[in-house]
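The values are calculated or read from the model by the stated rules, or taken from the named source; none is laboratory data. Just so we're clear, the structure is a prediction, and the values are computed from it rather than from any experiment. Cβ coordinates were reconstructed from backbone atoms using ideal geometry, including for glycine residues, and neighbour counts include every protein chain displayed. Please note that ligands, DNA and RNA were not included when accessible areas were found on the heavy atoms of the full protein model with its side chains. Shrake-Rupley method; radii C 1.70, N 1.55, O 1.52, S 1.80 Å.
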Amino acid sequence: AGAKIPMDSGTENMDWISRVLRGLIEFTQEGREINVVVTGINVGAQPYWNAESTMLMHTKGILVMTPDSAMVLTGKQSLDYSGGVSAEDNFGIGGYDRIMGPNGQAQYWAPDLSGAVDVLLAHYAHTYRAPGERFPRPAPTTDPVDRDVRDAPHAGGEFTRVGEIFDRATNPERKKPFDIRSVLRAVADADHPPLERWVDMLDAENVVVYDAHLGGHPVALLGIESRPLPRRGPTPMDGPTTFTAGTLFPRSSKKTARAINAASGNRPLVVLANLSGFDGSPESLRALQLEYGAEIGR
């Protein structure tokens, strides 16, 4: 029913809003999946419904946004009228580019509604589980079982092939930095394009999450970058100046936990990483590192 706020009564349709919210809560707490494609401006209760469906740590569904979509609690015109803080438009308050993509609440971006549906169908191709079945069904694959992943190309850096990362001649102590996406793509089935989640999540760049296939079997494929990454934006005095290789920072810990939870009870999780541990700086502890680390363990 949505919200109705008439000037003559001052009432809001909270009974129906709460009934919808309760239905979403009970559905997702049972481990079931809701997927959301946001079109246009979602205001008030609808963004909360979207959050309950896809953004909490236990939820498994995806949320896809397009350039003409936004999720705001209060529209720009109402915020300005009430003296609140707004932006130049509703997209500045809750659009993908500045808000929902960098904070990880929108998992995917699509150029238009048709592209968003394509993303949703690709998600189902990797994750859909028929009622009563344990895992998503295997898909036919023509990727040779004896394909040598060492011949796959490596993007940038000192290496040109993935095999050079593990070669004693080119990387004798395996300490040289490399691109984890090159490794993930080399391992995944070549005839089932992977789908990357949270690609624009800010400060979580050193974790890469793919929905992919291995040997025709759907899997969640998770990689940790083995190279230092520069930080964007201002750096607190009590935190690291770069995101060091093989280390989980709070936002990347959150991304990892959400990826593991989304795969749990649905499909196998494959982790490819040289992981040294969690960052324990004051900044990371202040930014809920303990909570996200515990959620990974859960």
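Here are the numbers for this structure:
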{"read-out": "Residues (of a type outside the set (D, E, K, R), open to solvent by 10 Å² or more (accessible area, probe 1.4 Å) and out of contact with any strand residue (DSSP E or B) (no Cβ under 7 Å at 6 or more places or on another chain)) located in segment 197-217", "value": "Val199, Leu202, Gly215, His217"}
{"read-out": "Identity of the residue in segment 137-189, of a type in the set (Asp, Glu) and surrounded by fewer than 12 Cβ atoms within 10 Å (Cβ to Cβ), that ends up farthest from His213 (Cα to Cα)", "value": "Glu173"}
{"read-out": "Enumeration of residues in segment 21-45 that are among the aliphatic types (A, V, I, L, M), part of a helix (DSSP H, G or I), open to solvent by less than 50 Å² (accessible area, probe 1.4 Å) and modelled with pLDDT of 90 or more", "value": "Leu24"}
{"read-out": "Test for Tyr81: is it under 29 Å from Thr256 (Cβ atoms) and not polar (S, T, N, Q)", "value": "no"}
{"read-out": "Residue among Thr160, Thr127 that is touching a Pro at 6+ places or on another chain (Cβ under 8 Å), of a type in the set (S, T, N, Q) and under 18 Å from Asn35 (Cα atoms)", "value": "Thr127"}
{"read-out": "From Ser264, Ser226, residue being under 21 Å from the mean Cα position of the chain (by Cα), surrounded by fewer than 19 Cβ atoms within 10 Å (Cβ to Cβ) and hydroxyl-bearing (Ser, Thr, Tyr)", "value": "Ser264"}
{"read-out": "Residue in segment 99-108 that is touching a residue at least 12 places away in the same chain (Cβ under 8 Å), closer than 29 Å to Arg19 by Cβ, of a type in the set (Ser, Thr, Tyr) and open to solvent by 40 Å² or more (accessible area, probe 1.4 Å) present", "value": "no"}
{"read-out": "Ala245 vs. criteria under 22 Å from Leu269 (Cα atoms) and touching a Ser or Thr at 6+ places or on another chain (Cβ under 6 Å)", "value": "yes"}
{"read-out": "Residue, modelled with the highest pLDDT, within segment 226-239, restricted to residues that are under 23 Å from Pro282 (Cβ atoms) and charged (D, E, K, R)", "value": "Asp238"}
{"read-out": "Qualifying positions in segment 59-80 - hydroxyl-bearing (Ser, Thr, Tyr) and either buried (at least 20 other Cβ atoms within 10 Å of the Cβ) or in a loop (DSSP other than H, G, I, E, B) (or both)", "value": "Thr59, Thr66, Ser69, Thr74"}
{"read-out": "Per-region count, segment 81-119, residues closer than 14 Å to Asn50 by Cβ and part of a helix (DSSP H, G or I)", "value": "5"}
{"read-out": "Enumeration of residues in segment 285-298 that are out of contact with any Leu (no Cβ under 9 Å at 6 or more places or on another chain), part of a helix (DSSP H, G or I) and without any contact (Cβ under 8 Å) to a residue 60 or more places away in the chain", "value": "Leu285, Arg286, Leu290, Glu291, Ala294, Gly297"}
{"read-out": "Given (1) open to solvent by 30 Å² or more (accessible area, probe 1.4 Å); (2) out of contact with any Asp or Glu (no Cβ under 7 Å at 6 or more places or on another chain); (3) modelled with pLDDT of 95 or more, number of the condition Pro282 does not satisfy", "value": "(2)"}
